[in-house]
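Data block below; observations after.
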Amino acid sequence: MNVSLYQAAAAMNANARWQDMISENLAASSIPGGRSRDVSFSSVQAGAQFVIPAARTAVNFQPGELRPTQNPTDFALEGKGFFEVQLPNGDHAYTRDGEFHLNAQGQLVTKQGYTVLGEGGPLQFDPSNAQPLTIAA
């Protein structure tokens, strides 16, 4: 077995994963609440004679740039935390994408129509109330 060829192939595979991660991060950079991914490289002992490179990825939870939208139902999180939403099957999920709107029932929902939850259940607003929306921590 040619160890040098195996090491070179493993290094090219790790480099390809790094390039894929860059592409994914660029695509996600314009999505509100999108998370970037980081890649790290290490060496793995593969037997007594040679070491091969390995790439690992992880989600980067650093907050992105906040941009005003002039939409009264858009919200942003500073620091740690997520918005909790209810999926159609009743399960709960979490997002940092704060692009919301009010549905016909006056509930705050995501672009996909998932209900945004507060401590007591769905966040309910009176659509006829002209006062600005506020949400506490």
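The values are calculated or read from the model by the stated rules, or taken from the named source; none is laboratory data. These numbers come from a predicted model, not from an experiment. All Cβ positions, even for glycine, are placed from backbone atoms using ideal geometry, and neighbour counts span all protein chains on display. Accessible surface is based on the protein model in full, side chains and every heavy atom, while ligands, DNA and RNA are left aside. Shrake-Rupley method; radii C 1.70, N 1.55, O 1.52, S 1.80 Å.
Of the strands (runs of 3 or more DSSP E) lying entirely inside segment 1-91, the ones with 3 or more residues being in contact with a Ser or Thr (Cβ under 8 Å, 6 or more places away or on another chain) and modelled with pLDDT of 80 or more are found at 83-86.
Residues that are open to solvent by 80 Å² or more (accessible area, probe 1.4 Å) and at pLDDT 90 or above within segment 102-137 comprise 111, 112, listed in sequence order.
Selection of first residues in segment 61-83 that are within 23 Å of residue 130 (Cα to Cα) and of second residues that are open to solvent by 70 Å² or more (accessible area, probe 1.4 Å) and assigned to a loop (DSSP other than H, G, I, E, B), restricted to Cβ pairs under 7 Å at least 6 apart or on distinct chains, gives the following pairs, ordered by first then second residue: 72/132; 75/135; 76/66.
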